[in-house]
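J.: Got a structure for you, written out below as structure tokens; questions coming shortly.
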Amino acid sequence: MVRNLVDRLFRNLHDGRQRKGPSRHSGTSRSSTIDSDLRPGSHDLMMIRLETPRLTLLTLTVQQMRWQRDDFARLEQALGLAPSGQKLEDELRPIVSRAISQMRRRPHHARWHCQWAAVFKEERRIIGSLAFKGPPDREEAVEIGYGFDPSYHNRGLATEAVGEMVRWALSEDGVETVIAETANMNVASMRVLQKVGFVITSATQRYLYWKVSGR
Ligand SMILES: CC(C)(COP(=O)(O)OP(=O)(O)OC[C@H]1O[C@@H](n2cnc3c(N)ncnc32)[C@H](O)[C@@H]1OP(=O)(O)O)[C@@H](O)C(=O)NCCC(=O)NCCS
């Protein structure tokens, strides 16, 4: 996968800063569930699939994230996608590995740790990755991060994906707010958040902090 695609996304995601506090998440998705490989004792999660006009957003299981890390073509094959020749950046491998171990340790929170693949329907190709940083915290907030292939930038695709993921998250039990962090030079990401309805809650010299609420 292209360097910039998920660089900043993964730097912020799965960075070891785990939320404290119990989640009131029920563990039962109200979203469209198409496939279950949730076997007793399995560390995989029930696959969640969200649809937007141009994208399908899919949660990746532990096995699929292993393929994402080690054998991208196998992941594409497993998802029935066209082979693209993509591969995960070497520097992102430990980050995906860390997410996998979180999913294994906390399988009931897998959906909040896993990678979500954004599949561009027209080309049957993965063009972006999104993820939440962990399960809802004490304030019932989850943090979202994302990155898209530069070849597909400025077509509204990230906005479409983030909007749908936010809608989904806010429909989950125990989630009242979705938060996000952007470098204050990252105009494209700021614009995505604005278009989805996020507002700035605080700022430092380098970062802006955003939120959108369900009520
Ligand atoms: C941020 C990112 C996901 C946006 O993806 P995208 O698919 O291009 O986003 P969209 O097309 O939905 O929206 C981008 C918006 O930013 C605007 N934009 C992009 N670059 C801009 C710039 N330099 N100045 C002003 N506006 C800019 C676009 O015009 C568009 O706004 P518009 O619809 O009002 O015209 C993509 O740039 C990316 O992957 N960046 C690297 C990873 C990253 O930064 N992730 C976010 C971490 S918080």
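The values are calculated or read from the model by the stated rules, or taken from the named source; none is laboratory data. What you are looking at is a predicted structure, and each value in this text was computed from that prediction instead of being measured. Note: ideal-geometry Cβ built from the backbone for every residue, glycine included; neighbour counts use all protein chains shown.
J.: Confirm whether V119 is within 12 Å of the chain's Cα centre (by Cα), more than 13 Å from the ligand (Cβ to nearest atom), in a strand (DSSP E or B) and touching a residue at least 12 places away in the same chain (Cβ under 8 Å).
T.: No: the conditions fail for V119.
J.: In segment 92-116, how many are touching a His at 6+ places or on another chain (Cβ under 6 Å) and either without any contact (Cβ under 8 Å) to a residue 40 or more places away in the chain or not hydrophobic (A, V, I, L, M, F, W, C) (or both)?
T.: Of the residues in segment 92-116, 4 are touching a His at 6+ places or on another chain (Cβ under 6 Å) and either without any contact (Cβ under 8 Å) to a residue 40 or more places away in the chain or not hydrophobic (A, V, I, L, M, F, W, C) (or both).
J.: In segment 123-141, which residues are within 16 Å of the ligand (Cβ to nearest atom) and more than 14 Å from the chain's Cα centre (by Cα)?
T.: Residues satisfying the conditions are E123, R125, A141.
J.: Counting only residues that are outside any helix (DSSP H, G or I) and within 12 Å of the ligand (Cβ to nearest atom), how many does segment 142-178 have?
T.: 11
J.: Pick out, from segment 26-87, the strands (runs of 3 or more DSSP E) lying fully within it that include 1 or more residues that are more than 15 Å from the chain's Cα centre (by Cα), at pLDDT below 95 and more than 26 Å from G156 (Cβ to Cβ).
T.: 33-35
J.: I would also like to ask the following. Has segment 114-137 got any residue that is farther than 25 Å from H153 by Cα and of a type in the set (D, E)?
T.: yes
J.: When segment 147-165 is examined, which residues are found to be surrounded by fewer than 22 Cβ atoms within 10 Å (Cβ to Cβ) and more than 14 Å from T56 (Cβ to Cβ)?
T.: D149, P150, S151, Y152, H153, N154, R155, G156, T159, G163
J.: Something else about it: In segment 126-146, which residue that is under 17 Å from W210 (Cβ atoms) and of a type in the set (A, V, I, L, M, F, W, C) is surrounded by the fewest Cβ atoms within 10 Å (Cβ to Cβ)?
T.: A141
J.: Would you say F198 is at pLDDT below 95 and of a type in the set (A, V, I, L, M, F, W, C)?
T.: no
J.: Separate question: Please go through (1) under 15 Å from the mean Cα position of the chain (by Cα); (2) surrounded by fewer than 20 Cβ atoms within 10 Å (Cβ to Cβ); (3) not in a helix (DSSP H, G or I) for M185 and return the number of the only condition it doesn't satisfy.
T.: Every listed condition holds for M185 apart from (1).
J.: From E123, E139, which residue is farther than 26 Å from V178 by Cβ and at pLDDT 95 or above?
T.: One residue alone meets the criteria, E123.
J.: Here's a follow-up. List pairs: first in segment 140-167 and polar (S, T, N, Q), second more than 7 Å from the ligand (Cβ to nearest atom) and not in a helix (DSSP H, G or I), Cβ under 9 Å, 6+ apart or cross-chain?
T.: S151/V2; S151/I127
Matching residues to (1) under 26 Å from R167 (Cα atoms); (2) out of contact with any Ser or Thr (no Cβ under 9 Å at 6 or more places or on another chain); (3) of a type in the set (K, R):
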residue: L50; (1), (2), (3): yes, no, no
residue: D70; (1), (2), (3): no, yes, no
residue: A73; (1), (2), (3): no, no, no
residue: S84; (1), (2), (3): no, yes, no
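J.: While we're looking at this one, here's another question. Checking L193 against (1) surrounded by fewer than 20 Cβ atoms within 10 Å (Cβ to Cβ); (2) within 16 Å of the ligand (Cβ to nearest atom), only one condition comes out false. Which one?
T.: Among (1) surrounded by fewer than 20 Cβ atoms within 10 Å (Cβ to Cβ); (2) within 16 Å of the ligand (Cβ to nearest atom), L193 violates only (1).
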